[in-house]
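Derivation of every value follows stated rules applied to the coordinates shown; laboratory data play no part. Everything numeric in this text was worked out from a predicted model, so none of it was measured. Every residue, glycine among them, receives a Cβ derived from its backbone with ideal geometry; neighbour counts consider all protein chains shown.
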Amino acid sequence: MKSVMSNKFVITLYVLPALILILLLIYIPIVLTGYYGLMDWNGIGKMKFIGLENYIELVQDKKFWQSTWHSLLLGIFSTVSLVGYLILSLILASKIKGANFLRKIYLIPMLLSSVAIGQLWAKIFDPTNGMINRLLVMLGVDNPPLWLADSNIVLYALFIPIVWQYAGFYIIIFYAALKNVPEELIEAAKIDGANPIQIAYKIKIPLIIGVIKVMVILAIVGSLKYFDLIFVLTGGGPNGASEVMASYMYTEAFSKYNFGYGSAIGFGLLVICLIMTWLIQKLLSSKEDVQF
Amino acid sequence: MLKKKTVSVLMSLIMLVSLALVGCSSSSSTEESSADGKKVIKFMHLWPEGSSNAQFSIVKDIIEEYEKEHTDIKVETEILNPDQYREKLKVLASSNELPDIGMTWSDGFIKPYVEGDMLAPLDDIVDANLKDAFIPGVKESYAVDGKTYGLPLELNISYVFYNKEIFEKYNLEVPQTFEEYKNVVKTLADNGVVPATVGAKDGWPASFWFMYLADRIGGSTILTDVIHGKAKMDDPAIVKAAEEVQNLVDMGGFVKGSSALSNDDAKGYFMNEQAAMFLTATWELPNYTTSPDVAQEFKDKIGYFKFPTYEGGKGTDIKSYVGGPGVGLFVAKDSKVQKEAKDFSAYLVKKWGEKSVTDAGVIPATKVDTANLDLAPMYIEILKDLSEASNVTTYFDTQSSPAVSELHHDLVTALFGKQVTPKDFVKQHADELAQEQE
Amino acid sequence: MSKIAYETEPSTTLSAPYKTSKTLGTRIGYGILYFILGVIAIVQVYPLVWLFLFSLKTNQEVFGMSPFAFPQDPQWGNYVKAWTAGHIDVYFFNSVLYTVIAVVLTVILASFVTFAITRMYWKLSGVVLGLFMAGYMIPLHSTLIPLFNIFKSVNLIDNPISIILSYVAFNLPITIMILTGFYRTIPREIEEAAVMDGCSVHRIFFQITLPMTVPVLSTTVIINMIYNWNEFVFVNTFLSSDKWKTITVGVNNFVGQYLTDWGAIGATLMISIIPVLIAYFLLSDRIVEGIAAGSVKG
C-alpha cells in the first residue's frame, strides 16, 4: 500500500506543475513586495533603499492598526455567519421539497460583479431615496440613520452586503459536503430514533468538519484581504471609518504614490493572514488534522 | 479503462497546444512598426466609445485625417475608463513602458512623472505649431521648472447651477452675497427642498465649496499660496471657510448623508429636481444644453450663477473662478517615435480645439472664436465669462501633490460629515504640507 | 470493486419530505421554514430583477428613483448600445475562451496536488500545502507591478497567456483548499482496496478518486468560473489590444470621465451574466448527481 502511494516520481509529477506556477506568479511577487517595502519609491523613477523604515512606520501607524481591526471585525463577522450558512445548507441538503431550486437561487448574488453589487447597495443605502430609509420613513421613523455616511455604523452596514454576496459561496460548498455524507449512516441513525437535529449534530457535522475548518480559514483570510465592495461603496470613508487593510494599501500605493509604503502594508497584511491562519489551526486542531 | 486515461492525456495536450497557438498569434502587435512598414504611434486615452462617445468620435476622426495626411504613420489607440487609466498608467510608469502619447492631468499629477524623467518637454512643438493657441495660463499648469510637459485639452470652471422653477416657486432671487445665499438655503430647507446636492464621498465635489469660500474670504491667491508655502493652511480665512462649510451643513444646506454619496449619486438629486442647486464645473454643460438623453423641459429650467461674494472677505471680485485644466497630452521621453508623436499630439490639440465645443460640448484649452459657431446660449455666455475672468484658481487637489490631494479629499469628506472640526481640518493639511516641504 | 459504491438515493432532491408524521405542529413548522427560505430566496434573487429593470432605464431614472421602480419607457436601445459601442461580441468570445481554459487547468492541477497531498505519503506534503495556502493571502493589487515586470521579461504583455496563467495561479490556492477539505472526508478503504487489486496510482486517481469528487469538482468549477468571468484588473493591466479584452472591460467602457452610462452598464451586465447563469444551473445539478454517477460505475 504505502509503497505505491509514496511513489516519488508520481508525487513530483502531480505537484510540480502547480507549484512552479505559484512560485513564479505568486511567490516572486510576494518576495518583490517585501523588497519594495524596503524602498522609498513613488512607483515612478528611481528607488531609494531605506532599510526597515517603512516597516517601522507601519508598526507605529495608527491608521494601519485601525484598518487591521476593521478587517478582523469583518473576519469575525464572516465566521459567525458561517453558522447561518451551515444551518441553511443542512436544511437544503435534507431533501425537503424545492431544495434544489432554492440552492440555485441562493448563489445568484455571487454571479454579479462588484460594480453591479456596489450600485445596487448604494441605492439601497441612500439616505433619502434609498430603499431602507424610505421604508423606515413610511413606518414613521423621523430621522433614519445615514448608513454609509455615519462613521459609527458604516462598517456594520457594509458587512450586510458582503455577507449577503458570499452566502451562496459557502452554501454551495457546505451543500456539496453534506451530499457526500454516506446515506446509510443517516438511515441507521433514523432507525435508532434520532431526530433531524441529532443527526445533524452527531453525524453530519462531525463528518464534514474538515470542510468546515477550511471554510473558517477561507472566511477569515478572505475577509482580511477583502477590498472590492468597500472600495466601491465608501472608499474607506468617511474619515477612515470603513478603511480596511487592502483599501489602505491601495490608497497608499496607487492614489498617494507611496508605492514603497503600500508594499509594506501589503506585506504586513500577508503576515497578519499567516498569523491568523496559524492561530485558527491551533484552535481547531485535533489529532487527525493537517500539520503545518 | 485505458480509454479514460488516454482521453485525459489527450485533453491536457489539446489545452497546451491551444495555449501555444493563442500565444503565437498575438506576438506581432507589440512591435514599433507594423507589417506594412508604417511607423506606429501608441496612444492611450480615456474616452471609451460607450461613455464618452462624442470625445471618442472626435479623436477617431482626427486620427483618420492625420493618417490620411501622413501615410507613413499608424496611430494605435488603447482606451480605458478614467479610473483604470490612472491605475494602468501607474503600472506602466513603474516598468518604464509608457505609451508614446498618453493623457495626463496638470500640476500635482504630472510632476512625479517629470521628476521620474518619463516625459519629453514639448516647448519646441508649442513654439512651432501652437504659438498663442492656448488660453493664457493654462499651458503653464503642465510646466515643471519652466518646461512644458503637457498640451492641455480642456478647461473647466465651476458655477452654481440651479433649478429656476424651484427658485420661482419660493420667490427666490439669485444670490449675490453669501448672506443672501444663506437666506436662499434657509427658505428652501424650511420648505423641505434639498438646497444643494454634493457628492462629498468623492472628495473633489465637496472641495469646490471649500475652495470657493476660501477664495471669497481669503482672496483669490490664498490656496495657491498655501501650496507654494507662501501662506499657511491655518490662516484664519481658511479656518473661516471650513467653518462656513459646516454652518451650511448645520443649516441643512446640503443633501442628507452627502459624505456617502458619489458625485454621480448626488447629481441624480439635481437631475431629478429633488435638489435646487448643484455646484459643479462646465463639463456638465451638455446635460443642460445639448445632450439628447436629457429632457428639454429639464434643460429649460436650468440656469447658473457665479459663486456669491463674502461680506468683508478679501476676494471681492465675483469674476474670480475656481477651475482648471482637465486632461492634457504627454509624449513619453523614451518613445522611439518621439518626433512623430510630438507632431501628432500638436495636430490633435489643434483639431480638438476646433471641434470639441460644437461636437462634444467640451470647452477646450485653446482659444475659441465663438463668432462662427452655432452654440447653445449657455456656452456663449460661459465662453464670454471665461474671457472676462479676473482669475481662475486651479483646483486645490489638482495643484497639490498626490499625497496631499488624497488627504484633502478624505478631510473634506469628513468636514461635510462633521467628523472633523474646522481647526483639525486645517491642522491635518498643514502637517502633511509641512512634512512635504521638509 | 462493487463495495465502494455506497448507496445513494437517485438524488432528486425534490422527493417528498419526511413522510413520517403530518401533525399540525409539523405542518406549521414546515410553513415557517418555507416562509423563511422563501424570503431569503427573494432577497437573493432580487439583484437579478433589479439589474434587469436597471438595464432598461435612462440615466435620469437610475438616479434618484427607487431601485424598485419600473422604467417609464423601457430603453431596449441600451442593449443595442451595449452590443455595438461596448464591443461585446469580441469581448464575449475572449471571456469564454479564457474562462474555460483557466477553469479546466486550475481544476485539473488542483486535483493532482490535492490527491498527492492528502492521499499519498511524503514528508513535505504539509509544507507544500502550506505554500499553496499562503498563496491565498497576498492582496491582488500588491502583485500587479511585480507581475507586470515578470510578464514583460518573458514577452507575455498583451498576450492572453498572461491572463490565463494569472487566473490559474491565483485560483489554485483556494481550489486546493476547498478540495483538501473534501478529500479528507472520502474514506481511504476504497483506494486501499484498489491498491490490493494492483491498480497504479494514475488509475486510482483518474478512475476512482476523481469520479468520486465530481460533486466538489463541480463546486470548484462554479467558483472558478465566477471569479474568472468577473475579473478585470489583470485584463486591464496586462492586455492592451482591444481584440484580447474581455466582457468586464466592456462594462467598464461605459464609465466615463464626466458621465457614466448606467443603463448601458446594466445591459452589458445582463448580457454577461446569462452564460454564467446557464453554466451555473447546469453544473449545479452535477453537485448532486455526481456521487451516484461516479461511484456506481466503479
Next on the checklist: Can you tell me which aspartates and glutamates have their Cα less than 17 Å from the Cα of A:K225? Leave out same-chain residues fewer than eight positions away.
Outcome noted: A:E243, A:E252, C:E231
Checklist entry - Can you tell which of C:T114, B:H70, B:Y288 lies farthest toward the positive end of the dipole of the protein assembly as shown, using +1 and -1 charges on the Cβ of basic and acidic side chains (Lys, Arg; Asp, Glu)? => result C:T114
Item to check | DSSP-loop trypsin sites (Lys or Arg not before Pro) across the stretch C:117-198, with at most 11 other Cβ within 10 angstrom | outcome: C:K123
Next on the checklist: Placing +1 on the Cβ of each Lys and Arg and -1 on the Cβ of each Asp and Glu in the stretch B:105-229, which of B:L119, B:Y142, B:A200 has its Cα farthest towards the positive end of the resulting dipole?
Outcome noted: B:A200
Checklist entry - Say each of C:V80 and C:Y30 gets a label point 7 Å from the Cα, pointing the same way as Cα to Cβ; how far apart are those two points in nm? => result 5.1 nm
Checklist entry - Ranking C:E231, A:E187 by Cβ neighbours within 10 Å, fewest first, what do you get? => result A:E187, C:E231
Checklist entry - What helices in chain C pass both tests, a Cα length along the helix axis of 30 Å or more and a mean Kyte hydropathy of 0.5 or higher, using whole DSSP H runs? => result C:24-54, C:88-119, C:160-183, C:262-297
Checklist outcome for this item: Here, the stretch B:256-331 modelled as identical Cα point scatterers in vacuum has Debye log10 I(q)/I(0) at q = 0.14 Å⁻¹ of -0.66
Next on the checklist: So, R0 is 41 Å and r is the distance between the beta-carbons of A:E187 and B:N272; what FRET efficiency does that work out to, to 0.05?
Outcome noted: 0.10
Item to check | Principal axis dimensions, largest first and in whole angstrom, of chain B by Cα | outcome: 80, 68, 54
Checklist entry - Evaluated at 4 °C with a viscosity of 1.567 mPa s, what Stokes-Einstein diffusion coefficient in µm²/s does the stretch A:120-278 have when Rh comes from the Kirkwood expression over alpha-carbon pairs? => result 68 µm²/s
Checklist outcome for this item: Given a Förster distance of 60 Å, the FRET efficiency implied by the Cβ-Cβ spacing of B:D250 and C:V90, rounded to the nearest 0.05, works out to 0.65
Item to check | Residue among C:I36, C:I117, C:I164 with the largest mean-square fluctuation in a Gaussian network model of chain C, springs linking Cα atoms under 10 Å | outcome: C:I36
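Using a/c under 1.5 as the rounded threshold, could you call the stretch A:40-181 rounded, prolate or oblate? The axes a ≥ b ≥ c are square roots of the C-alpha gyration tensor eigenvalues, and prolate needs a/b larger than b/c, oblate otherwise.
Judged from the Cα gyration tensor, the stretch A:40-181 comes out oblate (a/c at least 1.5, b/c at or above a/b).
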Checklist entry - Computed over the Cα atoms of the stretch B:354-438, what is the ratio Rg over Rh, Rh following Kirkwood? => result 1.18
Checklist outcome for this item: hull vol. (C-alpha, convex hull) per residue for the stretch B:180-259, Å³ -> 84 Å³
Checklist outcome for this item: In Å, the C-alpha Rg and Dmax of the stretch B:33-164 are 16.6, 59
Checklist entry - Out of every Cα pair in the stretch C:182-251, what percent are spaced more than 13 Å from each other? => result 73 percent
Checklist entry - What is the spread of the Cα atoms of the stretch C:149-280 along each of their three principal axes, largest first, in whole Å? => result 69, 37, 21
Next on the checklist: Please report, ordered by residue number, every helix of chain A (full DSSP H runs) that is 27 Å or longer along its axis going by C-alpha atoms and whose mean Kyte-Doolittle hydropathy reaches 0.5.
Outcome noted: A:62-93, A:154-179, A:259-284
Item to check | Sum of -39500 (n - 2.57) over DSSP H runs of 4+, divided by residues of the protein assembly as shown (222 nm, nearest 500) | outcome: -18500 deg cm²/dmol
Checklist entry - Loop-only check: which trypsin sites (Lys or Arg not before Pro) in the stretch B:101-166 are DSSP coil with at most 16 other Cβ within 10 angstrom? => result B:K131
Item to check | Highest-fluctuation residue, B:P121, B:P236, B:P286 considered, GNM on chain B with Cα pairs under 10 Å | outcome: B:P236
Checklist entry - Comparing A:Q119, A:Q198, A:Q165, which has the greatest mean-square fluctuation in the GNM of chain A with Cα pairs linked when under 10 Å apart? => result A:Q198
Checklist entry - Once you charge only the Cβ atoms, +1 for Lys and Arg and -1 for Asp and Glu, what is the size of the charge dipole of chain A about its Cα centre, to the nearest 20 debye? => result 700 debye
Item to check | Alpha carbon centroid spacing (whole Å) that separates the stretch B:39-97 from the stretch A:138-167 | outcome: 41 Å
Checklist entry - Taking Cα pairs under 8 Å and at least six residues apart, what relative contact order does chain B come out at, in percent? => result 25 percent
Checklist outcome for this item: Output field shielding_mean for B:409-417 (other chain Cβ, 10 Å radius) holds 4
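Which values, in whole Å and largest first, are the semi-axes of the equivalent ellipsoid of the stretch A:109-183 obtained as the square root of 5 times each eigenvalue of the Cα gyration tensor?
In descending order the semi-axes read 33, 14, 11 Å.
Compute the Cα gyration tensor for chain C, then decide on rounded, prolate or oblate, letting a ≥ b ≥ c be the square roots of its eigenvalues: rounded whenever a/c is under 1.5, prolate when a/b is larger than b/c in the other cases, and oblate in all that remain.
Values: a/c = 2.56, a/b = 1.24, b/c = 2.06.
Oblate, since a/c reaches 1.5 and b/c is not below a/b.
Given the alpha-carbon gyration tensor of the protein assembly as shown, what are the semi-axes of its equivalent ellipsoid in whole angstrom, ordered largest first, with each equal to the square root of 5 times an eigenvalue?
Whole-Å semi-axes of the equivalent ellipsoid: 53, 34, 26.
To the nearest 20 debye, what charge dipole does chain B have about its Cα centre, counting +1 at the Cβ of each Lys and Arg and -1 at the Cβ of each Asp and Glu?
The calculated dipole for chain B is roughly 980 debye.
Report, as an integer, the average count of C-beta atoms from other chains found within 10 Å of each Cβ along B:419-426.
For peptide B:419-426, the averaged partner shielding equals 1.
Give me the percent of DSSP beta bridges within the protein assembly as shown that run antiparallel, rounded to the nearest 5.
Here the antiparallel bridges make up roughly 60 percent for the protein assembly as shown.
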Item to check | Cα gyration tensor shape for the stretch C:45-139, rounded if a/c is under 1.5, else prolate or oblate | outcome: prolate
Checklist entry - For C:247-254, what's the mean count of beta carbons from other chains sitting within 10 Å of each residue's beta carbon? => result 5
Checklist entry - Scaled to the compact-protein estimate 2.2 N^0.38 Å, what is the alpha-carbon radius of gyration of the stretch A:1-80, rounded to two decimal places? => result 1.76
Checklist entry - Within chain B, which DSSP H helices have Cα atoms that stretch 27 Å or more along the helix axis and a mean Kyte-Doolittle hydropathy of at least 0.0? => result B:2-25
Item to check | Volume per residue that the Cα convex hull of the stretch B:223-382 spans, once the total is divided by residue count, Å³ | outcome: 200 Å³
Checklist outcome for this item: Using eta = 1.306 mPa s and T = 10 °C, Stokes-Einstein with Kirkwood Rh from Cα pairs puts D for chain A, in µm² s⁻¹, at 71 µm²/s
